[in-house]
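Readers should treat all values here as calculations from the given coordinates under stated rules, not as data from a laboratory. In this text the structure is predicted, and so the values were computed from the model without any measurement. Here the Cβ positions follow ideal geometry from the backbone for every residue, glycine too, while neighbour counts run over all protein chains shown.
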Amino acid sequence: MRIIAGEYRGRRLASVGKGDPGAHLRPTTDRVRESLFNTLAGGRFGDPISGARVLDLFAGTGALGLEALSRGAEHVTLVDDGRAAGKLIRENIQTLGCKAACKVIARDATRLPQADTACGLIFLDPPYGKDLGGQALAVAQAGGWIAPEALIVWEEEAAQEAPAGFNLLDHKRYGDTWISFLQVQ
């Protein structure tokens, strides 16, 4: 795994190999991440990255949030309660030297604390098939994490429908991975 573009382009991230099923680590592949960020940069959703505050729920290695930071986001909050994930996130932040622009919350994404500042770009990559994405999204919204008109990028094994309070903008399929794009109503 590596950062695809931006300030940290080409930098290698800590690898979990094919993932760690016991810890529910299933990193987004470089290819899917590159396609996703090309979609985000394509203008269809405006410019959701430049200067954004980013929330990366179920962050795993932190690759999605750190890619956004590399491409011009102002700050990223990475949330994951896994020990292995926490270690990988901290290692990746150190590798990139971006600690000042990052906050790590070692907590279950469905039990977030109250936000200091709302975020305009939300990455949501829950363990597949566990029905945790909708719960985390509801908690994030109730906790003030989601700014008005924020873009939510939800990665799952199947296309997701928009929960109450959100509009579905699009679905994209990348092999076994589905990305659903949502926005606050």
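Of note:
- Cβ-based net charge around Asp30, under 10 Å, with every Lys or Arg adding one and every Asp or Glu removing one: +1
- Size of electric dipole in the chain: Cβ of Lys, Arg +1 and of Asp, Glu -1, about Cα centre, debye, nearest 20: 600 debye
- Cleavage-rule hits, chymotrypsin sites (Phe, Trp or Tyr not before Pro), segment 117-185, DSSP coil, Cβ neighbours within 10 Å at most 11: none
- Pairs of Lys residues in segment 73-185, spaced 8 or more positions apart or belonging to different chains, with C-alpha separations under 24 angstrom: 4 in total.
- Neighbour count of at most 13 Cβ within 10 Å plus DSSP loop: longest GluC sites (Glu not before Pro)-free window in the chain: 8-156
- Rounded to the nearest 20 debye, dipole of segment 117-185 from Cβ charges on Lys, Arg, Asp, Glu: 120 debye
- DSSP assigns beta bridges within the chain; of those with both partners inside it, close to 45 percent run antiparallel.
- Shown for the chain is the translational diffusion coefficient from the Stokes-Einstein equation, using the Kirkwood radius over Cα pairs, a temperature of 20 °C and a viscosity of 1.002 mPa s: 134 µm²/s.
- Cα shape, segment 60-110, gyration tensor, a/c 1.5 rule: prolate
- Of all the options Leu64, Leu151, Leu96, the one that moves most in a Gaussian network model of the chain with Cα springs shorter than 10 angstrom is Leu96.
- DSSP H segments from the chain that extend 15 Å or more along their own axis, Cα-based, with Kyte-Doolittle mean of -0.5 or above: 30-41, 83-96
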